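Inspection log for the structure reproduced underneath, given as structure tokens.
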Amino acid sequence: MNKKKKIIKVLEDKSKYPEKDLKPRSPVVTIMGHVDHGKTSLLDYIRKTNIIAGECGGITQHVGAYNVKFKKGNSITFLDTPGHEAFTSMRARGTQITDIVVIVIATDDDVMPQTKEAISHAQLAGVPIIFALNKIDKINSNPDKIRRQLSDMNLLLEEWGGKYQSQEISAKLGKGIDKLLEKILLEAEILNLKANPNKPAVGTVIDSFLDKGRGYCTTILIQEGTLKLGDYVVAGTFHGKVKVILDEIGNNLKKVLPSKPVKILGLNGPPPSGERFQVFKNEKEAKQLASIRSKLKKEQEHNIRKTITLEEIGRRIAIEDFKEFKLIIKGDMDGSVEAITDSLEKLSTDSRIINIIYKNIGFITESDVLLAKASNAIIVGFNVKCTLKAQIIATKNNLEIRLYNIIYDIINDFKKALYGMNEKKVTVIGNAEIINFFKRKQIGTIAGCLIINGKIIRNSKIRLIRDGVVIYTGELISLKRFKNDVKEVNKGYECGIIIKDYNDFQIGDIIECYI
């Protein structure tokens, strides 16, 4: 007990850090709004980069964190949250760690349900809201219509005599963005934001994922103190020594001040998004706290495990069409897994229940398939690859593995499945590894491949997988053995593959063929 009290005392002892040590810090601004209203385009213009190019389906599927410095020496940390309803929890998490929220609304559209939801999260968090009225370059743009709809929600903008700041902008052309940034900095000045850099770092986990070859990579936002290389960190039930600190463009850093988002390597697992992290003096204290939390978590999970009564069994038998879908979810990042889990669980009704029996990040492995076999579950993978051994076991036992790279598709498929309307089933029939590639005029790039499993069939659907992540989904339009066109190529043989509208191959990429 003494050791526990000592650790808790470390967490709660604030007397060592007086208010006189507080220094001004950059504001943390969360960008919110509906799908396709221009949130990422706005941030894209501010950063002078192309974030959208890296998003599947043209939408943001993770929470991004970026620190932007301006010529006058000011800087702002932006959190870019997804706008689709599937990401309710991710948006809620954004408002918990933000100072200011910018709600982006397209002036050629309406105030949509997800926009209203984002406003509610910001109001519940008690943070100032600035409205960015986007797409004023469009012919059918009508900013006054948006102002009127907001006033109907008791959100009166300053130009109409209210308290909420707003700015008309065009994220595409850059119109009004300088004025929007001025308003953000003005709001930050009023808030008088400060933090103590002379203490061990404290902050929040934004996201985490398994980086092939480097281990668990955790994106964090420093809220108090300074994080340094070699610090011992605890985040939830995980701990470790900070081995690498990277900014959003991959530069190595030795230390990080408050309000800065970074990626760190060194934790022994992926802490969930929204989890608090803290630096400790030594590894022993960090391990002790992580161990205590791990035991408490196991006890809680054991206590809240679902039970069923005779009354409940009778009720379920009385419902003749009762169905239960058992799922195992694997994804590339913790935030995505959480969003998928929340969205699927919301689809459950009294007679049709989705039961998530296991969720984690990383490849779909042999152990996942064995768990699915034992529990009669379906495996859902988001932006991840299924290992060859896992795939062989799944095929042998007729287990279903569904791989996706757009969350909309997962939700829509299970909506249909719950009500007996799902007609599509994806079956992987073969995998080919790219061992070389050749560029040919008027043809494009030909991928020289070795079939490592099953067979590859011409005109079938394919997924291109790189480092375990699905980066492209398309169609195989040409299949050759030497110079001859063929209909299919079996395991152990080499072939040439052309994919429709895609040329960016790398040696080691996997082409997965499915029907």
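Tally Lys/Arg at +1 and Asp/Glu at -1 over every other residue whose Cβ is under 15 Å from the Cβ of residue 159; what's the total?
Working: positive: 145, 147, 148, 163, 179, 183; negative: 144, 158, 168.
Net of charged neighbours comes to +3.
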query = Which ³J(HN,Hα) values in Hz, rounded to whole numbers, follow from the phi angles of the range 369-386 under the Karplus curve 6.51 cos²θ - 1.76 cosθ + 1.60, where θ = phi - 60° and Gly and Pro get x?
reply = 5, 5, 5, 4, 5, 5, 10, 6, 10, 9, 9, 10, x, 10, 6, 10, 9, 9
ask   = What is the Cα centroid distance between the range 178-216 and the range 368-388, reported in whole angstrom?
value = 36
note = With a 30 Å threshold on alpha-carbon distance, the violating pairs from 39/69; 69/163; 175/212 are 175/212
ask   = Do any of 295/389; 241/330; 228/284; 243/284; 135/500; 396/483 go past 24 Å between their Cα atoms, and which?
value = 295/389; 241/330; 135/500; 396/483
Backbone N under 16 Å from the residue 153 label point (7 Å along Cα→Cβ), restricted to the range 163-186 = 163-167
request  = Heavy atoms only, probe 1.4 Å: what % of the accessible area of the range 153-213 goes to carbon and sulfur, would you let me know?
outcome  = 49
message = Need one word for the range 126-270: rounded, prolate or oblate. Basis is the Cα gyration tensor (sqrt eigenvalues a ≥ b ≥ c); a/c below 1.5 gives rounded, then a/b vs b/c decides.
response = prolate
request  = Treat each spin label as a single point 7 Å out from the Cα along the C-beta direction, and report the residue 191 to residue 359 distance in nm.
outcome  = 2.8
Most to least accessible of 214, 463, 481 (protein chains only, probe 1.4 Å) = 214, 481, 463
key: Residue-normalised accessible area of the range 88-244, given per residue in Å² at a 1.4 Å probe   = 42
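Roughly speaking, to the nearest percent, how much of the range 331-376's 1.4 Å accessible area is carbon and sulfur?
Values: 960 of 1980 Å².
Roughly 49 percent, rounded to a whole number.
The values are calculated or read from the model by the stated rules, or taken from the named source; none is laboratory data. As the structure is a computational prediction, the values presented were derived from the model and not from experiment. All Cβ positions, even for glycine, are placed from backbone atoms using ideal geometry, and neighbour counts span all protein chains on display. These area figures cover heavy atoms from the full protein model, side chains too; ligands, DNA and RNA do not enter into them. Shrake-Rupley method; radii C 1.70, N 1.55, O 1.52, S 1.80 Å.
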